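The values are calculated or read from the model by the stated rules, or taken from the named source; none is laboratory data. Nothing here was measured: the structure is a model prediction, and the numbers come from that model. Using ideal geometry, Cβ is built from the backbone for each residue, glycine included, and neighbour counts are taken over all protein chains shown. Side chains are part of the model used for accessible areas, which takes the heavy atoms of the whole protein and leaves out ligands, DNA and RNA. Shrake-Rupley method; radii C 1.70, N 1.55, O 1.52, S 1.80 Å.
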Amino acid sequence: MATFFGEVVVAPSRAGVDDEEWAEEAREETPEDREIRRELEKKREIDVLWTVKSGASTESTADEPFACSKFIVAIGHNAAAFLSSFILDSVCWEVVGVVKLWNEWCRTSNTTTVLPTDSFCLFYRLISDPTVLLCQCSCYVAEDQQFQWLEKVFGCMQKEGLQVTILSTCPVADYKTQESTLTLPSPFLKALKTKEFKEPVCCPLLEQPNIVRDLPAAVLSYCQVWQIPAVLYQCYTDVIKLDTVTIEAFRPLLSTKILKSLVKDASESTKILKKLLTTNETHSNIYI
């Protein structure tokens, strides 16, 4: 209300403010709301269960980190399938850990018996050299869970002498170039590395202004901060499901120093790749 003639009075305005935003600002958090929020935060906590020391699974702690010289992380179904086809086998590798998590997109358990289409995150150790660790992570790790994943996984490893290799896939539509993405020979590989990684890479480096996202970016950033030599190989593909061509696109990595000594018999790899795809097709047909 004006106190004299000619005074400019600014009336309260809700212009530009959503009804939901207005209600949110007006509402105070109740004890019930806080309890729900705490329960949700607790539910979204990540548990990393290791079987490194004994036969029983125990939740990991960073009190006694174990030695690790090579850590290979495959993120996504196709990257995980590549490791299953060309690196992993039950004779040379053993399961030593599993990640339990829950979010809006997926839920994992502590089981180590999984299908290629399942959401899972498992850790394997090379029996002949226990300092070589491998991770298959086909589950979605939400943005608010990525820091937990990094702290609980890397917190268990000695960072001195550690080298990290990350494999992931990304839609070719996300690749920024002056050319049309329709003319690109999809799938194709690009590499991004930390300052400390000095070895040659097996494909061209990722050009600006392209960026990486989600867990692959989080792992690479963590390595950059901790000065850990690390390289990310990102496969740009136009197929989102488990796909032979996308899996085969990772083949150049088999000639890299870190993977060269881990490659298994080629004929065995072909059999396993066919088996993975057959299992995937059978599982998918259930829902048709």
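A few comments on the model shown:
- Considering THR256, THR270, the condition of being of a type in the set (Ser, Thr, Tyr) and modelled with pLDDT under 90 is satisfied by THR270 alone.
- SER180 being within 24 Å of LYS159 (Cβ to Cβ) and modelled with pLDDT under 90: no
- Residue check, CYS156 within 18 Å of ALA74 (Cβ to Cβ) and open to solvent by less than 50 Å² (accessible area, probe 1.4 Å): no
- Filtered residues of region 161-211 (kept if open to solvent by 30 Å² or more (accessible area, probe 1.4 Å), under 19 Å from PHE71 (Cβ atoms) and hydrophobic (A, V, I, L, M, F, W, C)): LEU192, VAL201, CYS202
- Residues of region 50-99 that are in a strand (DSSP E or B), modelled with pLDDT of 85 or more and open to solvent by 50 Å² or more (accessible area, probe 1.4 Å): LYS70, GLU94, VAL95.
- Residue check for LEU150: open to solvent by less than 20 Å² (accessible area, probe 1.4 Å), at pLDDT 95 or above and assigned to a strand (DSSP E or B): no
- Residue match in region 100-114 (condition: of a type in the set (Val, Ile, Thr), open to solvent by 10 Å² or more (accessible area, probe 1.4 Å) and at pLDDT 90 or above): no
- Residue satisfying condition, being open to solvent by 40 Å² or more (accessible area, probe 1.4 Å) and modelled with pLDDT under 90, within set ASP129, ASP47: ASP47
- Remark: pairs (first residue in region 189-208, closer than 18 Å to GLU248 by Cβ and in a loop (DSSP other than H, G, I, E, B); second residue polar (S, T, N, Q) and open to solvent by 60 Å² or more (accessible area, probe 1.4 Å); Cβ separation under 9 Å; 6+ apart in sequence or on different chains) = CYS202/SER255.
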